[in-house]
Amino acid sequence: MAAGEPAASAEALTQNIEEYLAEHPAAALLEDGRVLFDMRSARYAVSESHGRCLLQLWSEERNLVRTVVSVQERAQCLRLMTRRMGAAKPQALELVPTSDRRTPTARDAARRNYQRLLERVLTRNFIGSKVDGLRSAMDLEHSFGPAYVRGRLLHGTAADAVIGVSEAESAAIVDGILTLGILWLDHCRQHGDGRRHFGGLKVIVPAGAWRTTAERMAWLNHAAADFQLYTLDERSEELAPVDFRDTGNLESRLVHAFSAAVAIERCQVGIDRLLALVPDSARERVEVHASSATEVGLLLHGLEFARVRHGVASNSFARVWRGRQRDAAHQRERSPLPRIVRALVPKPTRRWNTHRPALPAATGALA
């Protein structure tokens, strides 16, 4: 909408945004030059509500709800003046055809540099194999785009298909590498000279961007090919394998098993001193639970109200439990523990006898 023209209706604004997103399925939404949403993976809804154009976007990382005030068409871009709920000053958002803000020259140069880097890393890490036919040229006939570097790794009569993607590419392109890798493996098998058997596919993704590909690779038919996943740190040129079969646990570790009985015995002095602070009526209900080899908790109705930790005394090799070294009577007076336990233990309530004695049996008929 040009300056001086009347404000467009909410219906017209909605139509402009929907038409632009339909013409540019790989569009991105920017705010102050920063990519907020890649429309290839994000979801959106544009609607007219109570005379306003309401724009909603959401993805795995964030969500956004804005009221669109005006739309300005620029060179291949759409500038949206929006207002956040409760904010008086409008904010500008920009819809661009793609999330890649690099110039075509810079993008092509970066992809050529990554191709040379990948060839160098493969030669160094797969000794005895020959890197052959690395390329990133577009091949629309076979659905290959310029964002992925693909090639072959030859070792005798055997061979593997190789595909990699740079960290400079968008997250959607990185996550789509496995689909193109399968197509590349099939292409190598169909167009091979017959002297070599392509037994597997090596997929190389940027460091830290492997989880989506690993989870997808785990569901492939591994009897059809040997699928392998690697991460490449482009700064250190370090290639690291990824075990895609171990993606269920985000973090796992082994810890030493401990004996609960030994832990309680080790902390018995501290346990006895704490139990001495507990009222007699509640002492039998206190549960002693060992959480580690050096820590024991005291629980009442499942709620931990005290803990004994066994450690080393300072400037000594003696083992002590952490706490004040005072007599039990003094601790009863100064410690807040009895008040805490009394708050946890309900006071016994007096039960009234509501049983009514039976009326005596009637001895005669009423007059």
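Bear in mind that the values in this text are calculations on the coordinates, not laboratory data. Since the model is a prediction, treat every value here as computed from it, not as a measurement. Please note: Cβ atoms are built from the backbone with ideal geometry, for glycine as well, and neighbour counts cover all protein chains shown.
Express the relative contact order of the range 20-139 as a whole percentage, based on alpha carbon pairs under 8 Å and six or more residues apart in sequence.
19 percent
So who's got an amide H within less than 5 Å of the one on Cys267, skipping anything under 5 residues away but keeping other chains? H placed 1.01 Å off N, in plane.
Close amide H contacts, sequence-distant or interchain: none at all.
Considering the alpha-carbon set of the range 10-96 alone, what are its Rg and its Dmax in angstrom?
Radius of gyration, then largest Cα-Cα span, for the range 10-96: 11.9, 32 Å.
Around Leu78, under 14 Å between beta carbons, what's the net of Lys plus Arg minus Asp minus Glu among the other residues?
Once positives and negatives cancel, what remains is -3.
Report the local net charge at Thr231: Lys and Arg +1, Asp and Glu -1, summed over other residues whose C-beta lies under 13 Å from its C-beta.
Taking every other residue near Thr231 into account, the sum is -3.
Can you give the translational diffusion coefficient of the range 174-267 in µm²/s, computed by Stokes-Einstein from the Kirkwood radius over Cα pairs at 10 °C and 1.306 mPa s?
In µm²/s, the coefficient rounds to 98.
Just to check I understand the Karplus step: with θ = phi - 60° and J = 6.51 cos²θ - 1.76 cosθ + 1.60, what whole-Hz values come out for the range 43-53, glycine and proline as x?
Karplus-based 3J(HN,Hα) across the range 43-53 equals 10, 8, 8, 10, 8, 9, 9, 6, x, 10, 8 Hz.
Going by Cα centres, the range 274-308 and the range 13-60 are how many Å apart?
Centre-to-centre (Cα) distance: 57 Å.
Using the Cα centre as the reference, give the magnitude of the dipole from point charges on the C-beta atoms of the range 82-121 (Lys, Arg: +1; Asp, Glu: -1; all else neutral), rounded to the nearest 20 debye.
In total the dipole reaches around 120 debye.
Under a point spin-label approximation (7 Å from Cα along Cα-to-Cβ), what is the Asp132-Glu215 distance to one decimal in nm?
In this crude label model, Asp132 to Glu215 measures out at 3.7 nm.
Among residues other than Arg124 whose Cβ falls under 11 Å from its Cβ, what is the net charge (Lys/Arg +1, Asp/Glu -1)?
Within the 11 Å Cβ shell, the charges total -2.
Among the GluC sites (Glu not before Pro) in the range 189-275, which ones are in a DSSP loop with at most 11 other Cβ atoms within 10 Å of the Cβ? Mind listing them?
Glu251
Hey, could you get me the Stokes-Einstein D for the range 168-212, Kirkwood radius over alpha-carbon pairs, 25 °C and 0.890 mPa s, rounded to whole µm² s⁻¹?
Approximately 205 µm²/s, per Stokes-Einstein.
Compare the Cα positions of Ala28, Asn113, Thr98 along the charge dipole of the range 1-116 (+1 at Cβ of Lys, Arg; -1 at Cβ of Asp, Glu; about the Cα centre) and return the one farthest towards the positive end.
Comparing the listed Cα positions along the dipole, Asn113 ranks first.
Can you work out ³J(HN,Hα) from phi for every residue in the range 121-134, in order, using Karplus 6.51 cos²θ - 1.76 cosθ + 1.60 and θ = phi - 60°, giving whole Hz and x for Gly and Pro?
Taking θ as phi minus 60°, the curve returns 5, 5, 5, 6, 8, 10, 5, x, 10, 10, 7, 9, x, 5 Hz for the range 121-134.
For the range 124-154 and the range 160-178, what is the centre-to-centre distance using only Cα atoms, to the nearest Å?
Going from one Cα centre to the other spans 12 Å.
Whole-Hz ³J(HN,Hα) for each residue in the range 185-196, computed from phi via Karplus 6.51 cos²θ - 1.76 cosθ + 1.60 with θ = phi - 60°, x for glycine and proline: what do you get?
Along the range 185-196, the couplings run 4, 5, 5, 5, 5, 6, 10, x, 7, x, 7, 10 Hz.
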